Structure formats: structure tokens, C-alpha cells
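The values are calculated or read from the model by the stated rules, or taken from the named source; none is laboratory data. What you see is a predicted model, and the numbers here were worked out from it, not measured in a lab. Every residue, glycine among them, receives a Cβ derived from its backbone with ideal geometry; neighbour counts consider all protein chains shown.
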Amino acid sequence: MQAIVIVPTYNERANLAELLEKIQHSAPELHVLIVDDNSPDGTGELADQLQQKDPERIFVLHRAKKEGLGKAYVDGFKQVLKKNYEFILQMDADLSHDPSHLPRFLEQIQNHDLVVGSRYLHGISVVNWDLKRLIMSKLATNYVRFVTRVPFTDTTSGFNCWRRTALESIDFATTFSSGYVFLVEMKYKAYRKGFRVTEVPIIFVERKSGNSKLDWTIIREAIWGVLKLRLKY
Ligand SMILES: Nc1nc2c(ncn2[C@@H]2O[C@H](COP(=O)(O)OP(=O)(O)OP(=O)(O)O)[C@@H](O)[C@H]2O)c(=O)[nH]1
Ligand SMILES: [Mg+2]
């Protein structure tokens with residue numbers, strides 16, 4: 001199996017070692033690419049140390065500065081597409097995405113081109129979110145479905161698995177969003193191109209430390225970003 005998971009990190013020093021251990025436990029053959037944006041808490045140095053312990057399986061891409069999740073992913077995707085990986089996963093570093101779900105993605109991608117991890121496939125599978133956050137996330141997902149007509153129950157999910165051909169079809173030179181909308185933009189483009197998409201249920205656990213960064217600026221950007229996506233593509 002030639003598969004790799006890309007994990008973008010910004011100040012994830014407290015979570016990274018545990019995450020890598022759990023990935024190895026659940027999917028021992030899966031390679032990992034950590035894409036760190038020069039985190040001030042030293043996540044990048046820790047990533048290098050972990051890489052040196054397992055250089056055949058763990059890789060690190062250091063970026064100069066924080067530019068948002070989307071930009072980090074674009075660089076990560078470009079790097080892995082130069083190698084011969086057939087399946088490319090993406091997941092958060094803060095343990096919100098449980099690596100025990102990985103085998104399910106790898107199973108489903110055998111006969112699909114994009115597998116989306118959904119928090120809303122069977123009711124709501126989110127742990128430790130307050131009502132406000134839950135309502136905002138559900139509203140966001142329904143808004144995206146309404147505007148773009150994508151069939152996903154979780155349109156903003158960041159836990160996904162791509163077949164190489166689907167990922168290659170996305171022209172990263174024209175991806176315009178850097179934050180949450182990037183996750184919507186990629187799913188929308190793959191769906192519009194007719195790739196075989198499906199969802200698997202995931203349980204999302206809110207990070208234990210740190211506050212949510214969701215604020216009105218992000219929400220405003222997301223509302224416009226999704227409209228722009230629908231109008232442009
Ligand atoms: N390289 C890089 N990674 C980022 C950046 N912003 C966020 N990340 C990472 O992307 C993943 C998702 O970001 P989170 O901060 O968990 O976003 P969230 O889950 O919506 O918000 P929280 O409620 O704070 O967890 C995490 O692994 C972050 O470390 C960035 O600018 N650059
Ligand atoms: Mg998070």
C-alpha cells in the first residue's frame with residue numbers, strides 16, 4: 001500500500017508525538033508528512049526528532065511562516081504527488097481526528113476517488129463542542145450544501161482520503177481559499193469533475209487545550225468564499 005497522511009501543524013507540540021504513535025498503531029504502513037509553519041512552540045523541531053527515529057515512514061516539510069491551513073496543504077500535496085503514493089489522506093494534528101478511523105478510509109478508497117470523514121452521517125458525532133459551535137458548524141455545512149449542491153453531510157470536514165488521480169485533477173494554482181473554505185473548495189471541485197465520492201462516519205473530539213479560533217471574520221470569509229466558488233466554477 002502506497003499511502004501517506006498529511007498533517008498540517010501550527011503549535012501542536014503537545015499533541016504530535018501522541019498522534020504519530022496512534023497513527024502507527026492503527027495504520028502501521030502509512031507514511032506521514034508533517035507540514036509545519038514555523039510554529040513558535042517548537043513543533044517543527046519535535047517533528048524533526050520524530051522523523052529521525054523513523055526516517056522511512058515520517059517526513060517533515062518546514063514552511064517559513066503561518067499562511068493558513070490551505071496553503072500548508074497545497075505545499076504538502078505538491079510534495080507527495082511527486083512521489084508514487086496512490087492514496088493521500090489529510091487530518092488535523094490536535095487529536096480531534098482519531099487515527100483509529102484510518103483503516104476505514106483506506107478500505108473505502110479502494111473503490112472510490114474521495115472519502116470524506118463525516119461528523120454528521122449518523123446524527124451528530126462531536127464530543128466537547130458547546131451548542132454555539134455545533135449550531136455554527138451545522139449551519140455552515142447546510143449552507144455549503146445549499147449553495148454548491150454537493151452531496152456531503154459534512155462539507156467542511158478536514159479528515160479525508162484522496163485517490164491520486166482525483167487530487168491531481170485539482171489545479172492548485174487556481175485554489176483561492178486559505179482557511180476553512182479550502183476544505184470545501186477541494187471537495188466541490190472533485191465532485192464537479194465526476195469523481196466517485198463517499199463518506200465514512202467519524203467521531204470528532206474537540207482539542208483539549210486552546211480556544212476555538214472561529215470568529216466573525218472567519219465566518220464572513222467563509223460565506224463569501226463559498227458563494228465565489230459557486231459563481232466561479
Ligand atoms: N501548517 C499550518 N497548520 C495549520 C495552520 N492553521 C491551522 N493548522 C493546523 O490545521 C489543523 C486544524 O486546525 P485547528 O486549529 O485544529 O482548527 P479547528 O479544529 O477548526 O479549531 P480548534 O477548535 O482550535 O481545534 C491543526 O492540525 C492545526 O495545527 C497554519 O496556518 N499552518
Ligand atoms: Mg482542531
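Summary of computed values
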item	result
Test: residue in the stretch 162-182 that is surrounded by fewer than 16 Cβ atoms within 10 Å (Cβ to Cβ) and in contact with a strand residue (DSSP E or B) (Cβ under 7 Å, 6 or more places away or on another chain)	no
Residues that are under 16 Å from the mean Cα position of the chain (by Cα) and under 23 Å from Leu81 (Cβ atoms), drawn from the stretch 1-18	Ala3, Ile4, Val5, Ile6, Val7, Pro8, Thr9, Tyr10
Residue tally, condition in contact with a helix residue (DSSP H, G or I) (Cβ under 6 Å, 6 or more places away or on another chain) and either among the charged types (D, E, K, R) or in a loop (DSSP other than H, G, I, E, B) (or both), over the stretch 66-100	4
Sole residue being within 16 Å of ligand 1 (Cβ to nearest atom), closer than 22 Å to Val7 by Cβ and either part of a loop (DSSP other than H, G, I, E, B) or at pLDDT below 95 (or both), chosen from Thr217, Thr175	Thr175
Some residue of the stretch 192-205 being buried (at least 21 other Cβ atoms within 10 Å of the Cβ), assigned to a strand (DSSP E or B) and within 15 Å of ligand 1 (Cβ to nearest atom)	yes
Options Trp216, Trp224: the member that is within 19 Å of Lys71 (Cβ to Cβ) and away from ligand 2 (no atom under 16 Å from the Cβ)	Trp224
Criterion violated by Thr198 - all others in (1) more than 30 Å from His31 (Cβ to Cβ); (2) under 18 Å from the mean Cα position of the chain (by Cα) satisfied	(1)
Test: residue in the stretch 28-36 that is part of a loop (DSSP other than H, G, I, E, B) and near ligand 1 (Cβ under 9 Å from one of its atoms)	no
